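What follows draws every value from the coordinates through simple rules; no lab data is involved. Nothing here was measured: the structure is a model prediction, and the numbers come from that model. We place every Cβ from the backbone using ideal geometry, glycine too, and count neighbours over all the protein chains shown.
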Amino acid sequence: MNSTAPGSALRQQHIRQFKTIIGDEYVLTDEEYLQQYGHDETENLCYPPEVVLRPCTAKEISEILKICNAENIPVTPRGAGTGLSGGALPHLGGVLLSTERMNKILCIDEQNLQVITEPGVITEVLQEAVKARGLFYPPDPASKGSCFIGGNIAENSGGPKAVKYGVVKDYVLNLEIVLPNGEIIWTGANVLKNATGYNLTQLIIGSEGTLAVVTKIVLRLIPLPKYDLLMLAPFQSLEKACEAVSAIFRAGFTPSALELIEIDALKIVSATTGDSSIPLLAGTEAHLIVEVDGNHLETLMTEMESISEVLTGYDCGEIYFADNEQQKNTLWRLLCRKA
Ligand SMILES: Cc1cc2nc3c(=O)[nH]c(=O)nc-3n(C[C@H](O)[C@H](O)[C@H](O)COP(=O)(O)OP(=O)(O)OC[C@H]3O[C@@H](n4cnc5c(N)ncnc54)[C@H](O)[C@@H]3O)c2cc1C
């Protein structure tokens, strides 16, 4: 067999070359794997690639891309496959380049508040690792327990903490990337002030794997706030819940996290998971989850009281305050869960 699919540029000789570069066991051509890597979380779509490659270094990726570039073979980089915009779908066939073996946190630099990591590290694993050193990496996509930090860079992900802390682009200092021609470059420098030249780092962030493969990531960190408090407020009207969001900010508060959950979404999640931690009260159309964080507990408690007073002006029902870590985690898990 010369070609793996009709009209394809990929040939058996390329498969042999890939095996030489990364080893036989990391070149997958079984139908079962092609189906598995042919979809992400975007609707019900499946575009099986012709081959799945699982390299573990930038050098290996460089060698692979040199071949694909010269032979016009399509390449689709992939993180954990949790994307909702189809970026990891190999709709042109060709090579699916998985980064899942590149899963090491290389260095947590406490002095400079930075972490250097490979792209295949699960976001929550990275967050927990820096937290253990008293540091904080805030971007928190709801998929943080399964998505990769490399995928987050490629999608410029964000989550409920974006209101106070911003999204991924606000934390990336420097990236090692492999260009389509196989060249390995760094896009910036590991410093906060890097004002000269084109901003290649920000160009790569959010580019969904179309410009380069990200192989190392330097993130800036901040000190971990000592305390956080969480409340859940039910609203009889979706409109009022939205108005309340604006009112919180206009009253001068910046919550560390804010999320609106429509009642239908919550009903589906409760039914699917069997979790009834949040009562589904008749007449409730939406919930707001509000978190504040900081280093002074009393200030935070006063802030929570003031925010709840703002909310009561918008027909909010009885507010539930999560008292301990377990209650907070239960709420976040339920609200950030895929139905
Ligand atoms: C239940 C659920 C909740 C979610 N919640 C959120 C949320 O709150 N906020 C949010 O922003 N997103 C959310 N998402 C979407 C998704 O999790 C994010 O976009 C995440 O960043 C994708 O990461 P991934 O590792 O799964 O990437 P993949 O889905 O594998 O890939 C995503 C894109 O990144 C590219 N890519 C991956 N790795 C690299 C790399 N190393 N170099 C170059 N390109 C690369 C791929 O080609 C693709 O275009 C959610 C998804 C689910 C299923």
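Before moving on, here are some points about what is shown:
- Calculated FRET value between Ile268 and Ser308, using beta carbons and R₀ = 30 Å, to 0.05: 0.65
- CD proxy at 222 nm, helix term only [per DSSP H run n ≥ 4: -39500 (n - 2.57); per residue of the chain; nearest 500]: -9000 deg cm²/dmol
- Couplings for the stretch 149-157, taken from phi via the Karplus curve 6.51 cos²θ - 1.76 cosθ + 1.60 with θ = phi - 60°, read 5, x, x, 4, 5, 5, 10, 6, 6 Hz in order; Gly and Pro are left as x.
- Theoretical gain in end-to-end length, Leu179 to Glu325 [0.36 nm per residue, Cα-Cα removed]: 48.2 nm
- Here the Karplus curve 6.51 cos²θ - 1.76 cosθ + 1.60, taken at θ = phi - 60°, turns the phi angles of the stretch 161-177 into couplings of 7, 4, 4, 9, 9, x, 10, 3, 4, 7, 10, 8, 9, 7, 9, 8, 10 Hz, with x standing for Gly and Pro.
- Here the Karplus curve 6.51 cos²θ - 1.76 cosθ + 1.60, taken at θ = phi - 60°, turns the phi angles of the stretch 213-222 into couplings of 9, 7, 10, 9, 9, 10, 10, 8, 10, 10 Hz, with x standing for Gly and Pro.
- Pairwise FRET efficiency - Glu208 versus Ser237, Cβ, R0 = 41 Å, nearest 0.05: 0.65
- Reachable aspartates and glutamates from Lys267, criterion Cα separation under 12 angstrom, eight or more residues apart if same chain: Asp275, Glu285
- Cβ-derived FRET efficiency at R0 41 Å, Asp228 paired with Ala282, nearest 0.05: 0.85
- Three-way shape call for the stretch 227-335 based on the alpha-carbon gyration tensor, with the a/c threshold at 1.5: oblate
- Cα→Cβ-extended label distance, 7 Å offset, between Met301 and Ser246, nm: 3.4
- For the chain, there are no membrane-span-like helices by this rule, meaning no whole DSSP H stretch whose C-alpha atoms cover at least 30 Å of axis and whose Kyte-Doolittle mean is -0.5 or above; this says nothing about an actual membrane.
- Flagged links, alpha-carbon separation over 30 Å, of Lys59/Lys161; Lys19/Lys104; Lys131/Lys193; Lys59/Lys144: Lys59/Lys161
- Dipole check for the stretch 59-163: with +1 at the C-beta of Lys and Arg, -1 at the C-beta of Asp and Glu, and the Cα centre as origin, the magnitude is about 80 Debye.
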